Structures are given as C-alpha cells and as structure tokens.
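The values are calculated or read from the model by the stated rules, or taken from the named source; none is laboratory data. From a predicted model like this one, the values you see are computed outputs, not experimental measurements. Glycine gets a Cβ as well: all are built from the backbone with ideal geometry, and neighbour counts include every protein chain shown.
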Amino acid sequence: MAGMYEVSIRRKLILLFSSISVLLIGISIASLVYLNNSLNKLSGTLDSEMYQSSKQILSKDHGPHQTELSYTEQLGHEFQSKKVTLFALFTILLSGLLLVIIYLGRKILTLQNEKLEEQNLYQLIGEKMSDFIILTDPNGLILYASPSHSAILGYVPQKGAPLSNYIREPEIAWAKLKSIVQGTPRTSELRMRGSEGHWVWLETKVTPVQDSGAFPAQFMLVSREITQRKQYEERLHKLAFYDHLTSIPNRAHFIMYMENLISQPPERRQEVALAMLDCDRFKQLNDTLGHLAGDEFLQLLSGELQQTVKGVGQAFRIGGDEFAVVLHRFTSPERLEEMLKRVLHLFSKSWSLQNSSDFHTSASIGVALYPQHGNTINELLHAADVAMYYSKSCGGNQSNLYNQNMEEEYVVQKND
C-alpha cells in the first residue's frame, strides 16, 4: 500500500512539474511578445515625435540647434529606460523559471533515486529471506517470485505463469481468493510441486493488495516450509487413530466415525448397521502357533476385511481379536444380509501363515441397527455386543441381528 501511495505522489509531482514548466514557458513567450510590441510601439512613438519636431524646427526661422539636440536626447533616454526595465523584467522571469525547473528536476531525481534504492532493498530482502514470496494479479498470474523458492523447490516459479500450475490445493482457487473480505489476510496450508515431482508443504499467508477499485488488484503470498511439521502431525494422527499392528482404524477412529454418522441432520441421515466381530478359536491359534503367528493372522485378516467392506463401510480393530464393521451404504435388508455373508465367509476360509501350517477360523457376528436399536454409540455397541455373544453361544460361525430377547442370556454369560 505504501509503495502504491509513493508512486501516486511521484506522478502528481511530475504532473505539477510539467504544468509549472508549461506555465512559465507560456509566461516567457507572452513576455517576449509584450516586450516586442512595447519596443515597436515606443519606436513608432519616437519616430513620430522626431518627425513632428523636425517639421517644427524646419518651419521656424529661429530655433537653434541646441533645442533640437536636447529634445532628441530626452526621447532617447526615455526609450533606453523603458527598454532596460522590460529586459530586467524578462530576465527575472527567466531566472525564476530556471530556478523552479532546477528545483523540481532535482526533487524528481531524488525521488527516483530513493525509489531505486527502495527497490534494491526489497530485492535484497526477497533474495536473502528464508520465507517465500509470490505476487500475483487477480487472475492468479505470477508477477514476482522470490529466489528463495529454489532452495526447497529446485526452481523459481516462472513470471507470467498461472500459480495453479505449481500448487495442489483447490482451496487456493482464485474464485475463493477473490471472495476474501477486503483487507483481511487468510492463512492456508498448501503444497507446491518440487523439481523432482515431490510435494512440499507450505504455510501461506494470502494478503489481498487493494487498489482504488472494489476488488483486490494483486495477491501477495508469503510462505514458509512446514513439511517436517506435517510429517510429525501425520505420524501423531496415525498413532492416535490407527492400530499400530494392523494399520487399520482403531477404537478412537471408530468413535469419531460413528459420531459423524449419527450426528447428521435428519434430511441427510441414513440407516447404519454396526457389526461386532469376534474370531472363533483365536486363543487356540496363539496357544499352538505362538503370538507371532497370531499377530500375522490379525494383519492378514485386517487387510482382507478392509477390502471386503470397501465402498460400503469401514472396518476397525477394537482390541485383541475383536473387530467392528460399520455398514451404511446399503439400500435394503437383503443387501445388508449379503454384505454380512461376505464378511462371515472371509473368516471361514483357510489362512496360510509363514513357517506354520494352514489355520482355519470362523467368526461370531452381532449386528445392531441405527436408529432402531439405539440412538447413541454406547447403546449401539451394547446391542451389537449382545447379538455377538448370542452368536458365540450358538456355536459361532454365524451372524445375528439384535433383539430384546437376547438380553437375558447375555447377562447370564457375562456373570459366568
């Protein structure tokens, strides 16, 4: 903003200088014309008076030479006096014009030198600072990119190229940038493509540079690299929401996922099926083949379970050999039953473990529906857990939908 204001001041000074120069030149020309006319008039008057005097002298018998010469000298002195006065006035005007032109010329040269020094200073700052600066026009075309980009990207974005050629995030689209409140910067996280094809995370402050119009004339993006920070955040997120053994979403992720589904507004709410799965004979696997084989089995099972429900729901490891599957993209009870059969069939197949013989297992599955069997996560977990224990009590390798009659047997099993 300050730079644009200074440019405006310079333009006004140049315009003032030009106006004063034209005015003074006009005054000088007018003075010359006036001086010329005055001299011509004075010369004409002198000639006329001398002519009349000569006639009078010639018509008289007396009138010595002394009288003629005295009158002629008087006229000559008067002419010289007026001539000197006019030339003095003209000289003063020319001197004033010259002084004003010299002053304004020096002032403009001083301002130009200051502008050049300022540009050099800004260029030096842009080249030496560790942050990355990009200036664009309202259409997203790059007007300036600081040389510091080459340190992390391996190149400097090209002047005149669209910024969208280099960034990945759609949130920085120019339609959204133009909607920024006037004079209000916005901070975004975006990625720019490196010279080797990798993506570099940047924290970018986008500031609209206002002009006299209603919309921003330019956008300034000041960024700093946060790739390492984003990697740490990703690791923390993975530790918090993904199971370290199987790499599938964990119980915390399950809670967050379910909260998002059941908190939808009524017009977007959909039926949800929560299936709790418990591996039959998993303890036998650990006791006979060892815990390493058990871990390997859980890793294989988790990967295939994710693929089985992909596109229709999400699988989670709740703990130990217990899993949860949330299904919410089914259109009918028949479609839900078909999905549950696919999950049950997955558990029933033979598993080949390294350095071990094949292992056969099955699953006990309990299913609760939202909102029929509960309106909260705890209510749904309880209903699905009751149905799962019912399946296990019936010999396993089956899936059962919750009903109220299962509650009594569930209490007995828990007490045992």
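Some points to look at:
- When L298 is tested against (1) in a strand (DSSP E or B); (2) touching a Ser or Thr at 6+ places or on another chain (Cβ under 7 Å), only condition (1) is not met.
- Qualifying residue in the stretch 196-219 (condition: assigned by TED's automatic domain parsing to the domain that holds L274, of a type in the set (K, R) and surrounded by 11 or more Cβ atoms within 10 Å (Cβ to Cβ)): no
- Considering residues of the stretch 108-135 that are touching an Asp or Glu at 6+ places or on another chain (Cβ under 9 Å), surrounded by 13 or more Cβ atoms within 10 Å (Cβ to Cβ) and assigned to a helix (DSSP H, G or I) only, the residue modelled with the lowest pLDDT: E118
Let's see how each residue does on (1) under 16 Å from G140 (Cβ atoms); (2) modelled with pLDDT of 80 or more; (3) not hydrophobic (A, V, I, L, M, F, W, C):
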site	(1), (2), (3)
A175	yes, no, no
R186	yes, no, yes
E189	no, yes, yes
E196	no, yes, yes
D211	no, no, yes
F215	yes, no, no
F219	yes, yes, no
E225	no, yes, yes
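- Residue in the stretch 367-384 that is farther than 27 Å from K283 by Cβ and touching a strand residue (DSSP E or B) at 6+ places or on another chain (Cβ under 6 Å) present: yes
- Conditions (1) out of contact with any strand residue (DSSP E or B) (no Cβ under 7 Å at 6 or more places or on another chain); (2) closer than 18 Å to L381 by Cβ: number failed by E337: (2)
- Hits in the stretch 274-291 - residues which are more than 49 Å from the chain's Cα centre (by Cα) and of a type outside the set (F, W, Y): C279, D280, R281, K283, Q284, L285, N286, D287, T288, L289, G290, H291
- Whichever residue in the stretch 386-404 is touching a strand residue (DSSP E or B) at 6+ places or on another chain (Cβ under 8 Å) and polar (S, T, N, Q) and, among such residues, is farthest from Q372 (Cα to Cα): N397
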